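Structure record follows, encoded as structure tokens.
Laboratory data are not the source of any read-out in this text; all were calculated from the coordinates shown. Quick caveat, the model's predicted, so the values are computed rather than measured. Because the Cβ atoms are built from the backbone with ideal geometry, glycine has one as well, and the counts that use them run over all protein chains shown.
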Amino acid sequence: MAAVAATCSAQGWASQNGGTTGGGTATATVVTTYAALKTAIQNSSVKMIQVNGTITIPAAGRISFQDQSGKTIYGSSGAKLVSADQTASGSGIIYMKRCNNIIIRNLIFEGAGAYDVDGNDNLTVDACNNVWVDHCEFRDGVDGNFDIKNVSDYITVSYCKFTYLKAPKPDGPGGSDDHRFANLIGSGDGATADRTHLNITFVRCWWAAGCKGRMPRVRFGKVHVVNNYFNSTASSNCVQAGFEANLLVEGNTFENVTKPIDLMSNNSTAVQSKNNVFTNVSGNTSGNGVNAFTPPYSFTILSAAAAKTAVTGSGGAGATLSGNSCTSF
């Protein structure tokens, strides 16, 4: 049976450019198998998809989701998409390209484990506008857990949890023995078309056990990292300020991590650290001395301590909902 549609609206950057409503109140198509899920995702007339149970993505079965608008994909309680493919060409779960006005909510994405074969992430958002990813959990992506690239814009990632529970597979041809990297924003320093794009809000998210780095790593975009919780003891760096990044890191709690704010090569546009709490951390905690952008939206910003409670509590970060409901922030 399809759940009642969410009634709250996207906030953060996804509230701009006309807002993000997904499939609205359309009747959900309920899917329980890979074939049904793929068909529903690739059918542009299906505007609401409810995932029930665990769906296994077959080898090389990554789903291409292209050139659509106005769609919501959400999970009922415990819904999970699982891929065991660790190859360069076959890894990943959903690849979204040239889509607009999309909501993905309350789903667990579980990959095969980190392995540097230049493979795919559990979820990739490529050249998309107005996307809201809410209350999802991303585990054990091969190349990373969830990346955003190629002039994507007006994105909000809220109440999501990123974790690596499987040991990384070493000696990948890409050169890294530990590729437990969570979120890459922008594909390279040379991708200058990304200038003025990649405007993204990460709010009330949790970078948890096993994450090594890229929490997130940012190039070019105006990225608001606000009211999140970082506690991966496996970290070598958390927020990473890459080429021409404009980063506002605000009201977060960092505990037992290394390099909460990594200034990398010091070629960012602006990095501002504001009202954060750092407990038992090592490495840099400050910005680069340049104030970041002023967000064009507003919502209630909690203290860092209150944000940690919201992130880790009932209904907090991860696929903690019963279906297509949501939590305002």
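For a paramagnetic label modelled on Thr320 (point 7 Å from Cα along Cα→Cβ), amide N atoms under 17 Å away belong, within the range 157-191, to 157-163.
Using the rule -39500 (n - 2.57) for each DSSP H run of four or more residues, divided by the residues of the chain, the 222 nm mean residue ellipticity is -1500 deg cm²/dmol.
Restricting the range 195-274 to trypsin sites (Lys or Arg not before Pro) that sit in a DSSP loop and have at most 16 other Cβ atoms within 10 Å of their own Cβ leaves Arg195.
Ignoring lysines fewer than eight residues from Lys222 along the same chain, the ones with Cα atoms less than 26 angstrom from its Cα are Lys71, Lys97, Lys149, Lys161, Lys212, Lys259, Lys274, Lys308.
Each of Gln86, Asn120, Ile155 was placed along the dipole of the range 60-181 (beta-carbon charges, centred on the mean Cα), and the one lying farthest toward the positive end is Ile155. Identify which of the listed values of Rg and Dmax of the Cα atoms in Å was calculated from the structure shown: [x] 22.2, 75; [y] 21.5, 65; [z] 18.0, 53. Structure-derived value, by its label: [z]. FRET efficiency for the pair Asn266 and Asn291, taken as 1/(1 + (r/R0)^6) with r the Cβ-Cβ distance and R0 = 25 Å, rounds to 0.95.
In this rough spin-label picture, where each label sits 7 Å from Cα along the Cβ direction, the Asn43-Ala60 distance is 2.6 nm. Per residue, the average separation of C-alpha pairs within less than 8 Å and at least 6 apart gives the chain a relative contact order of 15 percent.
For the range 7-40, the residues whose backbone nitrogen is under 18 Å from a point 7 Å from the Cα of Ala84, taken along Cα to Cβ, are 33-35.
Ordering 307-315, 9-17, 321-329 by mean Cβ neighbour count within 10 Å, with the highest value first, yields 9-17, 321-329, 307-315. The ranking of Tyr164, Tyr74 from fewest to most other beta carbons within 10 Å of each one's beta carbon is Tyr164, Tyr74.
Note on Ser303 and Asn256: the extension gain reaches 15.0 nm, defined as 0.36 nm multiplied by sequence separation minus the Cα-Cα distance. Label the range 258-310 by shape, choosing from rounded, prolate and oblate, from the square roots a ≥ b ≥ c of the eigenvalues of the Cα gyration tensor; if a/c is under 1.5 it is rounded, and otherwise prolate applies when a/b is larger than b/c, oblate when it is not. It is oblate, given that a/c is not under 1.5 and a/b is not larger than b/c. Close amide H contacts of Val239 (hydrogens built in the peptide plane, cut-off under 5 Å, sequence separation of 5 or more or a different chain): Met215, Asp262. Assuming charge only on the beta carbon of Lys and Arg (+1) and of Asp and Glu (-1), the dipole of the range 107-242 about its Cα centre is about 440 debye to the nearest 20. Please give me the summed charge of the neighbours of Gln50: other residues whose Cβ is under 13 Å from its Cβ, Lys and Arg +1, Asp and Glu -1. So the environment of Gln50 carries a net charge of +3. In terms of packing, defined here as the mean over residues of other Cβ atoms within 10 angstrom, the peptides 237-247, 138-148, 292-302 line up highest first as 138-148, 237-247, 292-302.
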